[in-house]
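The next block holds one structure in the form of structure tokens; read it before the comments.
Nothing in this text is a laboratory measurement; each read-out follows from the coordinates by a stated rule. Computed from a predicted structure; not experimentally measured. Cβ: placed from backbone, ideal geometry, glycine included. Neighbour counts: every protein chain shown.
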Amino acid sequence: MALHQLTDRAVKTSKATDKESLIADGGGLFLRVLPSGQKTWMFAYSFAGGRRKLSLGSAADLSLASARDAAARERANVTSGTDPHIALKTREAAQDAERERQKADATRQLQEAATLRQMFETWATDGVQRADDNAELRRTFEK
């Protein structure tokens, strides 16, 4: 299994044909060129007696070196006995949980801001009275 058969130039100059084509870099890493011209990185591996494929991302977003690093990480997962699809689902679940936590934090901050607004409105209505009917205070608060 020869590694690093592709070059950056070969990736950039690969052309679309009327059928999907796979260009091997070695070690299970392939450049997949679709008839539409879209290029993606794909990692092919064997796990639990079957052949599987894992998309690593678009060639427009992921350089050859980055794709090689990603393929090396996935090869290490396979060697350690972890299915890369399972590892991907675990990472996605962790990212979803983090997004939900961030949403909850943002909601909590908005609720705290609403509480501050309520406190200001109470103070501006009952606590202080200015000749401009507190317009300047409200403008400053909004700013």
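The table for this structure:
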{"quantity": "Rounded if a/c under 1.5, otherwise prolate or oblate - the stretch 32-99, Cα gyration tensor axes", "calculated": "oblate"}
{"quantity": "Ranked by how many other beta carbons lie within 10 Å on average, peptides 14-26, 69-81, 124-136 from highest", "calculated": "69-81, 14-26, 124-136"}
{"quantity": "Most fluctuating residue given options 88, 56, 110, as computed from a GNM of the chain linking Cα atoms under 10 Å", "calculated": "110"}
{"quantity": "Separation of the residue 21 and residue 93 label points, Cα + 7 Å toward Cβ, nm", "calculated": "4.1"}
{"quantity": "log10 of Debye I(q)/I(0), alpha-carbon scatterers only, for the chain at 0.09, 0.13 Å⁻¹", "calculated": "-0.52, -0.69"}
{"quantity": "The chain - mean residue ellipticity at 222 nm from DSSP helices (-39,500 (n - 2.57) per run, n ≥ 4, rounded to 500)", "calculated": "-16000 deg cm²/dmol"}
{"quantity": "Partner lysines for residue 89 [C-alpha distance under 24 Å; skip if fewer than 8 residues away on the same chain]", "calculated": "39, 53, 103"}
{"quantity": "Degrees, to the nearest 10: 84-122 long Cα axis against longest axis of the chain", "calculated": "10"}
